[in-house]
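Chemist: There's a structure below that I have some questions on.
The values are calculated or read from the model by the stated rules, or taken from the named source; none is laboratory data. Since this is a predicted model, take the numbers as computed values, not measurements. Cβ placement follows ideal geometry from the backbone for every residue including glycine, while neighbour counts extend to all protein chains displayed.
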Amino acid sequence: MQQRPNPNAVHSMEKVLEEHGKYWRSLQRGASTLGHSLSEAHQCETEEAETVTAMASLSVANKQRRSEEEPMEEEVPL
């Protein structure tokens, strides 16, 4: 789990991801942790998930604050 992958294998995978990443965008996500050990890759994914959660919380808090500041539009009877 602590051992890093073989540098030749990493280089080969980088070339494959470079070519196929043009057509399969989902492959680009894993490219950032390609040369990491398994435990390092898990740590990166955990940090990324925490960052996304924090950003989502800020976005929700910002929307709630805006809705409190802006008066609601009154309904006009037809």
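Chemist: State all residues of segment 1-30 that are surrounded by 11 or more Cβ atoms within 10 Å (Cβ to Cβ), among the charged types (D, E, K, R) and assigned to a loop (DSSP other than H, G, I, E, B); if no residue qualifies, say none.
Modeler: Passing the criteria: only ARG4.
Matching residues to (1) at pLDDT below 70; (2) surrounded by fewer than 10 Cβ atoms within 10 Å (Cβ to Cβ):
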{"residue": "LEU38", "(1), (2)": "no, no"}
{"residue": "HIS42", "(1), (2)": "no, no"}
{"residue": "GLU47", "(1), (2)": "no, no"}
{"residue": "THR51", "(1), (2)": "no, no"}
{"residue": "SER57", "(1), (2)": "no, no"}
{"residue": "ARG65", "(1), (2)": "yes, no"}
{"residue": "GLU69", "(1), (2)": "yes, yes"}
{"residue": "VAL76", "(1), (2)": "yes, yes"}
